[in-house]
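Working notes for the structure below.
The values are calculated or read from the model by the stated rules, or taken from the named source; none is laboratory data. A quick note: this is a predicted structure, and the numbers were derived from the prediction, not measured. Note that each Cβ is placed from the backbone with ideal geometry, even for glycine, and that neighbours are counted across all protein chains shown. Surface areas here come from the heavy atoms of the whole protein model, side chains and all, with no ligands, DNA or RNA. Shrake-Rupley method; radii C 1.70, N 1.55, O 1.52, S 1.80 Å.
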Amino acid sequence: MMTTRKSALVGVLLIMLFSNLPAETQSSAQLSDQELLERARAIHQKILTLDTHCDTAMRLVRGNWNPAERHDPDSPGAGKIDLPRMKEGGLDAEFFAAFVGQGPRTAQGYQTARQITESLVEAVKKMVVANDRLIGLAFNPEDAYKFKKQGKLTAFLGIENGYAIGQDLSLIEHFYEEGVRYITLCHTADNDICDSSTDRNDPEDKGLSQFGRQVVAECNRLGMIIDISHASDKSFWDVLESSQAPIIASHSCARAVCDNPRNLTDDMIKALAARGGVIQICFLSSYVKPPRPNPDRDKALQEFRAKYGNLRDVKDEAQREKITAEMQELNRKYPVEVATVQDLVDHIDHVIKLVGVDYVGIGTDFDGGGGVVGCNDVSQMINVTVELMKRGYSESDLAKIWGQNFFRVFNQVKTVAEKLNNSKR
């Protein structure tokens, strides 16, 4: 009799336990992989999905790469993003970054940086005009939702590396008027705005400069979103203190999960969230999962870089293809362990456990090094949603992660700008 009562009691407790789980958790656990995929696609039809960082604009300026053509992901030179593959992967909106590498901090260097940035911004605009039945250029979240209803994709514009403005504050307004909506303050080296997380030629982290504080204030005035991906730790804290608007990390991960200086510490993530900002999880494998030591590969890479320099600086297409083929052979000979979609979602999980579901999103860094097993190009973006569903995230959670959180920040930045400008009248 006691055994029967115990069994009944256990049964009641199990029912109570599972009845408190989200409906999605209960149902997702019972679905096959194909059923999960179909449900994920149905959800993507309803929500707006956004990736806040790619470097695909660099492909557009070469002139021989058509973004309206589907490229086989396994073929050399295919890149990670084109418009047909965006549709396949269920991605509605993409921030195309106008990237400029850090060069000399001289008048000529600033002029060259501006010219490169202008050409990339113009290349994205030309892509939109040439494919206006497929994609539209957005200046605010409302535009993206409008295009979604029209069955179109959305392009946003960002700038990666504040080196693009040199020492000229007026260029922030110039680029805002051109449609740019965020500026990543620095890249892999220190610049006139702030110090970088990966440049310790000067071992002292000096953070945000006085000019950088003016940049922050001007971005706040205009409604330009401030991006602290790539910024040093002190730069992060200085920007957070200086900005009157929430800030973003357009493509960064959690340092507690993967100890890399490009990632944010838990204290940074908490502070970012407390100010209403958002961290967009990056797909670059070495930011997602610490790579295992591979001295043979490290030596081969060092020799490769000494021989060719930065591939981004190579203009000759035949030379570029030769270098790419040689890099693929190096990867074949010395394979690297690449992080997986599961590893990536571990970062999303970590942020949500730390600060809640309202402060995290997606920033792939496709065509800038981003790509993990299971989501190595934009056609596989749906797999991130499948993994999130397996972990019990609801449709409302997915909507926040895939765009609502970032768009909340976007609108708050605009609101701060309006208040600042109204107070001066």
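The figures follow:
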item	result
Leading residue by the ranking (farthest from Gln280 (Cα to Cα)) among those in the stretch 228-243 that are surrounded by fewer than 23 Cβ atoms within 10 Å (Cβ to Cβ) and among the polar types (S, T, N, Q)	Ser242
Output for the stretch 123-143, where each listed residue is open to solvent by less than 80 Å² (accessible area, probe 1.4 Å) and without any contact (Cβ under 8 Å) to a residue 12 or more places away in the chain	Asp143
Number of the exception - Lys146 against (1) open to solvent by less than 20 Å² (accessible area, probe 1.4 Å); (2) closer than 19 Å to Thr49 by Cα; (3) assigned to a helix (DSSP H, G or I)	(1)
Near pairs, Cβ below 6 angstrom, 6+ apart or cross-chain, from the stretch 263-280 (closer than 18 Å to Ala245 by Cβ and modelled with pLDDT of 95 or more) to any residue that is open to solvent by less than 10 Å² (accessible area, probe 1.4 Å) and assigned to a loop (DSSP other than H, G, I, E, B)	Gly277/Ile247; Gln280/Gly363
Criterion: free of Cβ contacts under 8 Å to residues at least 40 places away in the same chain, open to solvent by less than 10 Å² (accessible area, probe 1.4 Å) and aliphatic (A, V, I, L, M) - qualifying residue of Ile193, Ile165, Ile159	Ile193
Residue check for Gln115: open to solvent by 40 Å² or more (accessible area, probe 1.4 Å), over 21 Å from the mean Cα position of the chain (by Cα) and either among the small types (Gly, Ala, Ser) or under 23 Å from Glu178 (Cα atoms) (or both)	yes
Residue among Asn411, Asn405 that alone is part of a helix (DSSP H, G or I) and surrounded by fewer than 21 Cβ atoms within 10 Å (Cβ to Cβ)	Asn411
Residue check for Asp346: touching a helix residue (DSSP H, G or I) at 6+ places or on another chain (Cβ under 7 Å), of a type in the set (D, E, K, R) and under 29 Å from Asn294 (Cα atoms)	no
Residue match in the stretch 207-227 (condition: free of Cβ contacts under 8 Å to residues at least 40 places away in the same chain, touching a Phe, Trp or Tyr at 6+ places or on another chain (Cβ under 8 Å), surrounded by fewer than 24 Cβ atoms within 10 Å (Cβ to Cβ) and within 17 Å of Leu272 (Cα to Cα))	yes
Enumerated helices (runs of 4 or more DSSP H) restricted to the stretch 198-304, each holding at least 3 residues that are of a type in the set (S, T, N, Q)	210-222
Search result, residues across the stretch 367-398 that are assigned to a helix (DSSP H, G or I) and either open to solvent by 10 Å² or more (accessible area, probe 1.4 Å) or in contact with a strand residue (DSSP E or B) (Cβ under 8 Å, 6 or more places away or on another chain) (or both)	Val378, Ser379, Gln380, Asn383, Val384, Val386, Glu387, Lys390, Glu395, Ser396, Asp397
Residue in the stretch 74-92 that is crowded, with 22+ Cβ neighbours inside 10 Å, in a strand (DSSP E or B) and modelled with pLDDT of 95 or more present	no
Top-ranked residue in the stretch 110-142 [being assigned to a helix (DSSP H, G or I) and of a type in the set (S, T, N, Q); ranked as farthest from Gly90 (Cα to Cα)]	Gln111
Residue list for the stretch 81-93, restricted to those being in contact with a helix residue (DSSP H, G or I) (Cβ under 7 Å, 6 or more places away or on another chain) and either closer than 14 Å to Asn383 by Cα or not β-branched (Val, Ile, Thr) (or both)	Arg85, Met86, Glu88, Gly89, Gly90, Leu91, Asp92, Ala93
Meets criteria (out of contact with any Cys (no Cβ under 6 Å at 6 or more places or on another chain) and acidic (Asp, Glu)) for Asp367	no
